[in-house]
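Quick one: structure below, then a few questions.
What follows draws every value from the coordinates through simple rules; no lab data is involved. From a predicted model like this one, the values you see are computed outputs, not experimental measurements. Positions of Cβ are backbone-derived with ideal geometry, glycine not excepted, and every protein chain shown enters the neighbour counts.
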Amino acid sequence: MLGERLALLAAAALLAGLGAAVGIHRHRAVSAVPASGGAAASEWFDALAASRGPAGDAERTTCGVILTARSLGVTEPVLPCGAKLLIRFGDRSWLTEVIDNRLQSGGRQFEVTDALAQRMGLDGTQRIQWRFASRS
């Protein structure tokens, strides 16, 4: 478990360094992709996830994103803002990005925006899988 966390932190640090070097272009688009799309090339990680709840009035995240009812993205306390991720729940996957680093509640590793939770069919706190999106 400690080895997995250290590997995850090392991967996050590498991703942050690469993002700083090349500049991460942030977009708010999320699209459904086949669950098998490249999964063999990267390891999937298990995590607990839940909706962060409805966006507050002009709520700004730690990444500088102003949330609306249509915002799509995830909150994760370790990964850098703008990190591109594939989130898998059931037999579908969604391409998304880290838009916040401060969880609203405990007991989970990820929070997804309310709009993304609705698209995913995520109800309450449930187990998902995630991996870094590969550049293709």
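With a cap of 13 neighbouring Cβ atoms within 10 Å, and only residues DSSP puts in a loop, list the trypsin sites (Lys or Arg not before Pro) found in region 40-136.
70, 102, 135
Using only alpha carbon positions, build the gyration tensor of region 26-132, then give the equivalent ellipsoid semi-axes as the square roots of 5 times its eigenvalues, largest first, whole angstrom.
21, 14, 13
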